[in-house]
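So the structure is just underneath, and the comments pick up after that.
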Amino acid sequence: MAQRREPPAALDYFPTPPWATRALFRHVLPALGIEAIGRVWEPACGEGHMAAIIAEFARSPVVASDVYSYGYGTAPRDFLHDDPLTVADWIITNPPFSIACEFALRALELATEGVAMLVRTQWVESVGRYETLFRDRPPALYAPFVERVPMVKGRWDPDASTATSYAWFVWRHAQSGAPRIFWIPPSCRERLTHSDDRQRFAAWSLSPAAAPLFASTLTNDGAPCII
């Protein structure tokens, strides 16, 4: 796409497959007894692959932002250093892996009810993350995917495969005690992929004019209608 500006490599941009976000709402949050959530902030929204799916489930409009302007949400907006963009019940995101710990700590400060982060399973390791985050702020639920969640740098490829494993880490202020483990069941990719996902999200990386989702997030004057 001639008009598409590539983000800096340091931003570690790997769009989330739509079905992986739906799995959070269909399986992971219900495992904690959560059937519905209100105000959500997605602070690493990229082109909206996750924020648009969250909007399918949240009871309030989803606030989306990113440090780089991908043409969706409010940008540039530095989640780690700028003033909060909104008061959110939940902060849900797929953060850059290299600063995911900082994202989690910031999100836990700002979200009034809980935080959900999609991260590689290896994130559970390391002395540094244990001492900085997990020792004093363990998640309520660690939910690894049984099947692989293919993520491709810079775009969503619905036909991709991967050897990398991912999990949802969920914190809830109302819950304490030892973390639970919940295995996200197999076949989510098949059952939670909608027939129009390829047109809405895969085409987006190639041509915004061909992506109905991108068009739907613009007002009549061309400004994003999502905050």
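The table below gives the values:
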| item | result |
| --- | --- |
| Pick from region 37-58, criterion in a strand (DSSP E or B) and not aromatic (Phe, Trp, Tyr), ranking: surrounded by the fewest Cβ atoms within 10 Å (Cβ to Cβ) | Val40 |
| Asp157 of a type outside the set (A, V, I, L, M), more than 20 Å from the chain's Cα centre (by Cα) and either assigned to a loop (DSSP other than H, G, I, E, B) or closer than 15 Å to Ala23 by Cβ (or both) | no |
| Residue in region 139-154 that is at pLDDT 95 or above, out of contact with any strand residue (DSSP E or B) (no Cβ under 8 Å at 6 or more places or on another chain) and either polar (S, T, N, Q) or assigned to a helix (DSSP H, G or I) (or both) present | no |
| Flag if Ser69 is crowded, with 17+ Cβ neighbours inside 10 Å and not aliphatic (A, V, I, L, M) | no |
| Hits in region 126-143 - residues which are over 15 Å from the mean Cα position of the chain (by Cα) and closer than 24 Å to Cys188 by Cβ | Pro139, Ala140, Leu141, Tyr142 |
| Residue count, region 160-185 (criterion: over 16 Å from Glu113 (Cα atoms), surrounded by 15 or more Cβ atoms within 10 Å (Cβ to Cβ) and more than 18 Å from the chain's Cα centre (by Cα)) | 2 |
| Among (1) modelled with pLDDT of 80 or more; (2) surrounded by 15 or more Cβ atoms within 10 Å (Cβ to Cβ); (3) in a helix (DSSP H, G or I) - the single one Leu213 does not satisfy | (1) |
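The values are calculated or read from the model by the stated rules, or taken from the named source; none is laboratory data. Nothing here was measured: the structure is a model prediction, and the numbers come from that model. Note that we place each Cβ from the backbone using ideal geometry, even for glycine, and neighbour counts take in every protein chain shown.
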